[in-house]
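Report on the structure given below.
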Amino acid sequence: MAPQPSLMPSLRQGTPNASSEGGPTHVAIIMDGNGRWAKAKGLPRSLGHQAGVAALKTIVEAAPALGIDRMTVFGFSTENWRRPAGEVSELMKLLKFYVRSDLERLRRAGVRVHILGRRTGLPADILETIDQAEQSTAANSRFHLQVAFNYGGQADIIDAARAFAEAVKAGQAEPGDLTEDNFQAYLSTANGPPPDLIIRTSGERRLSNFLLWEAAYAEFVFQDVLWPDYGPADLKAAIEEFRTRERRYGGTDVNDALATG
Ligand code: FPP
């Protein structure tokens, strides 16, 4: 499959935050802590995940007013298959529930839904849900909601490398054509820019195989709130923290560069 033309700005060109208010415009979230939230309340883990969906709806609704136009959330990782079968099927059901209960509202609000991750291994009803979500919102562009589902950053890089190898095999590319800039066109996030900010809730400080390539120059904010308790005020706090950061993309501070001539 030939890659789409790149929309991702060159990371090495040092693209400043796009928003006039200092960004971030693309926020990615590792929604962690559903299980601990449920446990603390003496509830089954499934209710923690259900509360997680409610928090996700609230955050997606609040995001545009905070200057965000793209949000990527980690719904189910390639490693989550290791969880008990009951919990795996609960997470699958929740994707269906989220799409069923919110798709029409998202569509009318101008949201385009993209589901990132491997399609292989997913049950037929989930594939149908994914197609429905993507197709019915394909004409929208006001806000992009990317749900990583059966997604792993390493798997996505492997799939991109395989796609490039196939292009070479088909005589459409030479091995030497591959660069940091055009490789991203083979990733499942090829349709847009990388995240400015990656948030992880619940106090854990790991990337857990999320957006490995795309995270190259992202800022990280770790918040102690468990995901079901996460609200717009927490997102606002993360954005404020982001705005205190100085993004240099491997270069130097502008003032230092001026001072040293
Ligand atoms: C981490 O909590 C969260 C997940 C594994 C998945 C996140 C899923 C949702 C918010 C709901 C489903 C949403 C979609 C769109 C499918 P955890 O179970 O690892 O919590 P713990 O670390 O406290 O056990």
task = Would you mind computing, in nm to one decimal, how far apart the modelled labels at Glu166 and Arg248 are, each placed 7 Å from Cα along Cα→Cβ?
result = 4.1 nm
Between the range 105-124 and the range 143-220, the Cα center-to-center distance that results, in Å = 17 Å
ask   = Three principal axis extents, largest first, for the C-alpha atoms of the chain, in Å?
value = 61, 49, 35
remark   = Honestly the range 153-261 on the Cα gyration tensor test (a ≥ b ≥ c root eigenvalues; a/c under 1.5 rounded, otherwise a/b vs b/c for prolate or oblate) is just oblate
message = With the cut-off at 1.5 for a/c, could you classify the range 43-168 from its C-alpha gyration tensor as rounded, prolate or oblate?
response = oblate
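The numbers here are math on the coordinates, done by the rules we state, and not lab data. Everything quoted here is computed from the prediction, not taken from an experiment. Backbone-built Cβ (ideal geometry, glycine too); neighbour counts: all protein chains shown.
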